[in-house]
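What follows is a single structure, written as structure tokens, with notes after it.
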Amino acid sequence: MSAPAGWEAVIGLEVHCELRTATKLFCGCRNEFGAEPNTHVCPVCLGLPGSLPVLSTAAVELAMRIGLALHCEVRPSVFHRKNYFYPDMPKDYQVSQYDEPINVAGYLDLPDGSRVGVERAHIEEDTGKTSHVGDTGRIHGAGYALVDYNRAGVPLVEIVSEPGITSATQARLYASELRAILVASGASDGRMEEGSMRVDANVSVRRVGDLELGTRCEVKNLNSLRSLSRAVDHEIGRQVAIVEGGGRVEQQTRHWDEDRGCTVTLRSKEEAYDYRYFPEPDLVPLAPDAAWVEDVRSSLGPMPADRRRAVVALFGAGGASDARADQVATVVELGLDHLVVAAAGAGIEPALALARTANEAAADAAAAREVDPAAYTALLQMEQRQELSATQAKAVLAELVTGGGAPVEIARRMGFEALAAGSLAEVVAAVVAEHPGEWERFCGGEAKLAGFFTGHVMRRTEGKANGKAVAAELAKLQG
Amino acid sequence: MPARITREETAHVARLARLDLTDDELDRYAPQLAGVLDHAAQVAAVDTAATPPTAHPFPLRNVLRADVPVPSLDRQVVLAEAPAVEDGRFRVPRIIGEAP
Ligand SMILES: [Zn+2]
């Protein structure tokens with residue numbers, strides 16, 4: 001959706017992305033989701049006196065990968081302390097990059113042809129996880145809170161777009177393309193539901209033609225792409241209604257309530273935080289030299305836009321219209337496009353390879369990414385040669401994804417063993433010879449007797465024959 | 001030299017640091033804080049036109065470590081230091097407002 005007639009929306013997105021490193025940003029504690037609470041903590045990430053942070057090389061590399069994938073300039077950078085009181089950080093400050101971030105001035109091209117500027121992509125540390133307990137469970141009525149610091153100090157990159165997004169649809173497209181890039185660059189698993197990618201939206205509205213920006217509100221708690229587009233749409237509508245009603249939009253931070261489908265005030269400008277940023281004295285500047293930057297640049301694989309083009313190209317000249325765009329987007333986003341490319345390269349119909357990958361393999365994408373492309377191709381070959389029915393092929397594919405192995409073996413184990421064309425012909429001929437009367441009537445036009453012959457062939461082959469193949473043999477014998 | 005810090009600014013800084021100062025204390029501390037800042041402001045009088053800005057007193061850059069996990073602390077040891085604990089987590093007083 002876009003803004004109501006006569007209005008335009010000005011939207012900027014801030015995306016926090018947890019980096020896939022083995023350790024936290026400044027200490028050797030494991031960076032791992034879902035561990036027992038407070039088992040990945042040490043003096044550094046607990047902010048104990050006398051401890052000193054040391055920056056992780058891997059986090060810097062992944063941050064550079066993100067920056068370079070977004071066409072940013074990688075610059076010398078400095079860490080700052082962002083001071084605030086909240087129990088999610090035991091140090092009472094968060095180490096972040098403030099006025100000298102590592103990546104600046106990039107952009108992101110969206111599948112609809114538009115381009116959104118990226119102001120910066122800087123490194124910072126994540127906070128711990130607080131759970132509110134007691135009363136209603138809602139924040140304001142909570143009796144007390146419990147804190148797990150496993151996530152405190154996990155490396156993040158915050159990607160700040162320019163306020164150049166104009167609709168909820170474009171905001172969603174930006175977030176989904178950015179997620180695909182984060183995954184493709186190896187920086188993140190992009191899982192919004194686990195919080196490894198988190199999106200905040202800055203939204204303001206103005207009348208078409210106005211140059212001055214309206215007062216903006218920041219919307220938080222957007223845990224899915226769907227929440228993002230719903231929340232932005234709602235916020236645009238809310239602000240337009242205020243201004244059209246003669247009111248003024250107040251600068252606020254607002255919280256998206258997914259169940260009620262609206263945004264609610266979290267805090268107003270008067271309560272805005274004063275973070276008193278100052279340079280982190282325990283860390284020295286970070287200044288990757290040109291050789292390191294070029295090293296990282298050359299190790300970046302093709303980005304999602306290029307990979308989508310490569311899948312579409314498998315369909316030949318009519319590719320753009322024949323390849324289903326949603327399936328192409330899915331296989332690239334899930335990192336399964338190499339399976340489609342490998343299969344099509346070995347002679348599988350691109351439409352079959354794309355459909356099986358986008359629908360069946362995608363159901364367990366993490367496991368499917370580990371599947372041997374040769375085995376995957378072999379399976380699709382069995383389906384294409386009709387040695388397996390579509391239903392059988394899907395069942396074998398599910399087995400292949402979860403357990404690996406050779407598709408022929410899996411098919412045999414599942415009782416889908418196909419009969420070689422030669423031996424099937426023999427069985428069909430034998431059945432026909434044993435039932436001359438039925439055969440005569442079948443040849444005389446009693447088509448439903450096909451079922452009679454097929455049934456006998458199935459019994460004799462213990463169900464291993466393919467129905468279509470039996471019909472073909474019968475047709476052959478009829479001449 | 002920058003303008004002297006006012007009583008209101010001192011109150012604001014105290015609030016940021018979660019210090020609950022009485023009126024008397026504000027009257028006493030505002031000039032003291034101003035004095036400290038005046039002292040530090042002497043640095044501003046030095047001619048630094050030829051000195052490049054620096055973020056750190058040591059001429060070091062890129063102090064990095066390999067991304068190799070090391071054992072964390074024993075949770076029992078960690079939580080033993082906390083005033084209150086529940087379910088393997090730090091128990092803290094009711095929180096007013098949301099995370100920044
Ligand atoms: Zn640690």
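The values are calculated or read from the model by the stated rules, or taken from the named source; none is laboratory data. Computed from a predicted model, the values in this text were never measured in an experiment. Glycine also receives a Cβ, built like all others from the backbone with ideal geometry; neighbour counts cover every protein chain displayed. Heads up: the accessible areas ignore ligands, DNA and RNA and are worked out on the full protein's heavy atoms, side chains in. Shrake-Rupley method; radii C 1.70, N 1.55, O 1.52, S 1.80 Å.
In the range A:356-366, the condition of being more than 21 Å from the chain's Cα centre (by Cα) and either free of Cβ contacts under 8 Å to residues at least 24 places away in the same chain or within 14 Å of chain B (Cβ to nearest Cβ) (or both) is met by no residue. Can A:VAL249 be described as surrounded by 14 or more Cβ atoms within 10 Å (Cβ to Cβ) and either at pLDDT 90 or above or of a type in the set (Gly, Ala, Ser) (or both)? No, not satisfied. With respect to the conditions (1) open to solvent by 60 Å² or more (accessible area, probe 1.4 Å); (2) away from the ligand (no atom under 16 Å from the Cβ); (3) within 14 Å of chain A (Cβ to nearest Cβ), B:VAL77 lacks only one, and its number is (2). Residue check: A:VAL147 meets all listed conditions (1) of a type outside the set (S, T, N, Q); (2) more than 16 Å from the ligand (Cβ to nearest atom); (3) within 14 Å of chain B (Cβ to nearest Cβ) but one, namely (2). Of the residues A:GLU383, A:GLU399, A:GLU409, the single one that is open to solvent by less than 50 Å² (accessible area, probe 1.4 Å), at pLDDT 80 or above, charged (D, E, K, R) and in a helix (DSSP H, G or I) is A:GLU383. Among residues that are outside any loop (DSSP other than H, G, I, E, B), open to solvent by less than 30 Å² (accessible area, probe 1.4 Å) and either at positive phi or more than 9 Å from the ligand (Cβ to nearest atom) (or both), A:ALA58 is included. Residue count for the range A:76-87 satisfying the condition of being part of a loop (DSSP other than H, G, I, E, B), open to solvent by less than 40 Å² (accessible area, probe 1.4 Å) and either modelled with pLDDT under 90 or out of contact with any strand residue (DSSP E or B) (no Cβ under 9 Å at 6 or more places or on another chain) (or both): 3. Of the residues contained in the range A:55-72, one or more are found to be closer than 25 Å to B:PRO71 by Cβ and more than 8 Å from chain B (Cβ to nearest Cβ). Screening A:LEU25 against (1) within 16 Å of the ligand (Cβ to nearest atom); (2) within 9 Å of chain B (Cβ to nearest Cβ) leaves a single unmet condition, (2).
Here's the yes/no breakdown for (1) within 10 Å of chain A (Cβ to nearest Cβ); (2) in a loop (DSSP other than H, G, I, E, B); (3) within 16 Å of the ligand (Cβ to nearest atom):
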| site | (1), (2), (3) |
| --- | --- |
| B:ARG18 | yes, yes, no |
| B:LEU21 | no, yes, no |
| B:ASP24 | no, no, no |
| B:ALA30 | no, no, no |
| B:GLY35 | no, no, no |
| B:ASP38 | no, no, no |
| B:ALA41 | no, no, no |
| B:ALA49 | no, yes, no |
| B:THR54 | yes, yes, no |
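Here the range A:37-51 is the region considered, the condition is being at pLDDT below 95 and away from the ligand (no atom under 11 Å from the Cβ), and the residue that is farthest from A:ASP88 (Cα to Cα) is A:GLY50.
Quick check: anything in the range A:278-285 within 12 Å of chain B (Cβ to nearest Cβ), closer than 30 Å to A:THR57 by Cβ and of a type in the set (A, V, I, L, M)? The answer is yes, given that some residue of the range A:278-285 is within 12 Å of chain B (Cβ to nearest Cβ), closer than 30 Å to A:THR57 by Cβ and of a type in the set (A, V, I, L, M). Among the residues making up the range A:144-183, those that are buried (at least 21 other Cβ atoms within 10 Å of the Cβ) and part of a loop (DSSP other than H, G, I, E, B) are A:TYR149, A:ASN150, A:ARG151, A:ALA152, A:GLY153, A:VAL154. Considering only residues of the range A:84-136 that are closer than 29 Å to B:LEU16 by Cβ and of a type in the set (Phe, Trp, Tyr), which is nearest to the chain's Cα centre (by Cα)? Ranking the candidates gives A:TYR98 first.
Restricted to the range A:28-45, and to residues there that are open to solvent by 20 Å² or more (accessible area, probe 1.4 Å) and more than 7 Å from every other protein chain (Cβ to nearest Cβ), the residue that is farthest from A:ILE236 (Cα to Cα) is A:PRO43. Scanning the range A:232-264 for residues that are touching a residue at least 60 places away in the same chain (Cβ under 8 Å) and touching a Phe, Trp or Tyr at 6+ places or on another chain (Cβ under 7 Å) yields one hit, A:VAL240.
Please determine whether any residue of the range A:129-136 is within 14 Å of chain B (Cβ to nearest Cβ), open to solvent by less than 40 Å² (accessible area, probe 1.4 Å) and within 16 Å of the ligand (Cβ to nearest atom). For the range A:129-136, residues within 14 Å of chain B (Cβ to nearest Cβ), open to solvent by less than 40 Å² (accessible area, probe 1.4 Å) and within 16 Å of the ligand (Cβ to nearest atom): absent. Against the definition (touching a residue at least 12 places away in the same chain (Cβ under 8 Å), under 20 Å from the mean Cα position of the chain (by Cα) and over 26 Å from A:SER229 (Cβ atoms)), how does A:LEU68 come out, yes or no? Here the answer is yes, as A:LEU68 does meet what is asked.
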